[in-house]
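The values are calculated or read from the model by the stated rules, or taken from the named source; none is laboratory data. Keep in mind it's a predicted model, so treat the numbers as computed, not measured. Here the Cβ positions follow ideal geometry from the backbone for every residue, glycine too, while neighbour counts run over all protein chains shown. In case anyone asks, the SASA skips ligands and DNA or RNA and just uses the protein heavy atoms, side chains included. Shrake-Rupley method; radii C 1.70, N 1.55, O 1.52, S 1.80 Å.
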Amino acid sequence: MEDYTEEFLLPADKSSIVSILADPSRFSGITGHIAFFKIFDSEKQNYVAQGSAVRPINKYRAVFIYEDNNGNLNHVLGTMEGPEIMPNQISYKGESDDGKMSASFVFSFIPKGSDTRLNIKSEISLRQGFFSRLFNKFYGNMAEHIVKCHIIPYLSKIGPQVSYNLTEISKTLGNMNELILTLRNLPKIDLGCVIIKGDTFKFVASIKEGELRNMRLKSNGDEINGGEALAKLFTLNGRAEMSIYKLPAEEVLLEKINKL
């Protein structure tokens, strides 16, 4: 039995994190090693493609993917169930068709104001033999590998939940040269914000009448503000995602007035 537990604080509310982990497709994607390719249909009593399911339940045909020392991809077929959702916990569990492997992932939430303390517990059981020795040789503790090298890096990029008053008007994924050109020609919105996220940085700024304000760049542990943040952003390379949001100011004002 391999197991690993880690707890850390995320700058996001519980609902933001739950919306990711309660989605089986997103969960399987961020594990890096598990893919769901069919769902169980309780009416047909069989696994089918998701689009063909009449009464689907949270049980999936899954494939566990791993790489050997020669760089070859290998796989293990099995099933997984989940998410099982409780007030402050989400879990998934599964096993291989031959019964030689089982896995479980439990996510527990502790709200801390606008932040959330997340506890992740991963357990992977491998029957002793060539299969388990291969895993240990290449990955070490596989339960730890999935949490530390896949799940945590993804979840760590989650920021504060975007207010429901914000309307996303564009999302662009591309290299920084392309995004900088878009940034130079922002839509002429009265009020909004822009967020650019790369592997090692995050840039945020408010938009007022088509102009950038309150710029902030976090990169490799450093934080830069104002015009220096924008200047530094122009020197960054690689691929990133840029989202632009519009804030309907009158709607927000009316909402505040109604609460008085």
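Once segment 206-244 is narrowed to residues that are out of contact with any Ser or Thr (no Cβ under 6 Å at 6 or more places or on another chain) and in contact (Cβ under 8 Å) with a residue 60 or more places away in the chain, the residue that is farthest from L173 (Cα to Cα) is L236. Within segment 55-71, one or more residues are surrounded by 14 or more Cβ atoms within 10 Å (Cβ to Cβ) and free of Cβ contacts under 8 Å to residues at least 24 places away in the same chain. Among residues of segment 1-30 that are in contact (Cβ under 8 Å) with a residue 60 or more places away in the chain, those with a beta-carbon under 6 Å from a residue that is acidic (D, E) at least six positions away or on a different chain give the pairs D3/E123; Y4/E144; L9/D115; P11/D115. Looking only at segment 100-129, which residues are outside any strand (DSSP E or B) and either under 25 Å from H75 (Cα atoms) or open to solvent by less than 70 Å² (accessible area, probe 1.4 Å) (or both)? K100, R127, Q128, G129 - these are the residues of segment 100-129 that are outside any strand (DSSP E or B) and either under 25 Å from H75 (Cα atoms) or open to solvent by less than 70 Å² (accessible area, probe 1.4 Å) (or both).
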